[in-house]
Amino acid sequence: MTPPCPAHIETVSVHAGREADASAAALSPPLHLSTTFVREADGSFPHGYTYSRAGNPNRAALETCLAALEAGCDAMAFSSGTAAAMTVFQALNPGDHVICSRDVYHGVLRLLREVLMPWQLKVSFVDASKTDEVHRAVTPATRLIWVETPSNPLLKLTDLAAIAEIGRDAKALSVCDNTFATPVLQRPFEHGIDFSMHSTTKYLGGHSDVLGGAIVARKHNALAERIRFLQSTGGAVPAPFDCWLLLRGAATLPLRVRAQSANALTIAHHLAAHKAVEEVFYPGLESHPGHALATRQMRGYGAVLSFTLRGGEAAAMQTAARVQLFVRATSLGGVESLIEHRASMEGPESHTPRNLLRLSVGVEHTDDLIADLDQALSG
Ligand SMILES: *Cc1c(COP(=O)(O)O)cnc(C)c1O
């Protein structure tokens, strides 16, 4: 019998992957630290587990939850978002062609340029917000199209339905890095995208205390099978406690993401009217070039925004130096608000404007966050 499938993400996030524990009827799932599992006398393993790299109950529970959150058929959890991305590319073959948005997470660009292109993966970097540029990059060897929307750190929007269609026509699979939006605000599979990728380090964990990544598949296919094979064969698996923390984080994902997203919109409007600010990059603002697409494609605009300062790089550095409530740190998606001079983090190859600051807006009260930004900007 198929269990009833709750349709609402608020319900899914609390219940998916959380069957009551049979051994002690504990409500909170037990942590299975064991690396190995006892076999029956005949050598069988009716619980399905043999060795923790191949499978672990905490990872299985997290994967059930992640698949349900995206309404996909399967999810594979990894030790980091980067390990998840690496595994997708390793599931291809040397000589295969990938189209990748130029505006993706800098670590993914570095993986492609410094590890996978030397391994003979062919990669074309495009501006994926311009669909015809993606179309023109297709070759007979194209196997994968990788996009991230909204992108980092300029919050550019990519039309997921258009990307999925180009992929289908080219017999290539499409991947959306859905870390910024989360399944709460963006559902890549509804637009025909084949894989949703996450750095679960960010909103899924939500408390800046666990590193993880995931690939969720819309439907069964050979690439998903290969990714599953490489998860245990490559071994970049998350620890049981990391899976436990991520499953706990998932329960409050919709509450946190909506609160953070609402806070970000308030802050974006405030900054847009501030005299020290040159430009605000946030898809929730009508002035943003991706606003109409974001309104169509998303259920909220997310909690990351960036802005440039009229006073140049010096003003950006001074503002970041003066904040008292915002924390000067990289990363995003936690309950605490962070501020970052992105170009410093990205290093010499960065194309990010030197006068840009990126905010990851947390769950604090916006009056306090705005007061902090105002004192830092006016110093
Ligand atoms: C952080 C991040 C990654 C990389 O994930 P890690 O967990 O740090 O390895 C990939 N994509 C996006 C959009 C990210 O923000």
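Annotations for the structure displayed:
- Among residues of the stretch 100-113 that are over 21 Å from residue 135 (Cβ atoms), those with a Cβ under 6 angstrom from a residue that is not aliphatic (A, V, I, L, M) and not in a helix (DSSP H, G or I), sequence gap 6+ or separate chain, pair up as 105/152.
- Residue match in the stretch 174-182 (condition: assigned by TED's automatic domain parsing to the domain that holds residue 67, under 26 Å from residue 306 (Cα atoms) and away from the ligand (no atom under 12 Å from the Cβ)): no
- Looking across 68, 54, 60, 83, one residue alone is at pLDDT 95 or above, under 15 Å from residue 204 (Cα atoms) and either within 16 Å of the ligand (Cβ to nearest atom) or in the same structural domain as residue 101 (by TED's automatic domain parsing) (or both). It is 68.
- Residues of the stretch 317-333 that are in contact with a strand residue (DSSP E or B) (Cβ under 8 Å, 6 or more places away or on another chain), more than 16 Å from the ligand (Cβ to nearest atom) and touching a residue at least 60 places away in the same chain (Cβ under 8 Å): 319 alone.
- Positions within the stretch 14-29 being out of contact with any helix residue (DSSP H, G or I) (no Cβ under 7 Å at 6 or more places or on another chain) and at pLDDT 95 or above, in sequence order: 15
- Within the stretch 231-251, being within 16 Å of the ligand (Cβ to nearest atom) and touching a helix residue (DSSP H, G or I) at 6+ places or on another chain (Cβ under 7 Å) holds for 231, 234, 236, 237, 238, 243, 246, 250.
- Qualifying residue in the stretch 235-247 (condition: assigned to a helix (DSSP H, G or I), closer than 26 Å to residue 14 by Cβ, touching a strand residue (DSSP E or B) at 6+ places or on another chain (Cβ under 7 Å) and at pLDDT 95 or above): yes
- Any hit, the stretch 92-100, residues being within 15 Å of the ligand (Cβ to nearest atom), in a helix (DSSP H, G or I), crowded, with 17+ Cβ neighbours inside 10 Å and assigned by TED's automatic domain parsing to the domain that holds residue 167: no
The values are calculated or read from the model by the stated rules, or taken from the named source; none is laboratory data. Just so you know, these numbers come straight off a predicted model, no measurement behind them. Don't worry about glycine lacking a Cβ; one is built from the backbone with ideal geometry, like all the others, and counts go over all protein chains shown.
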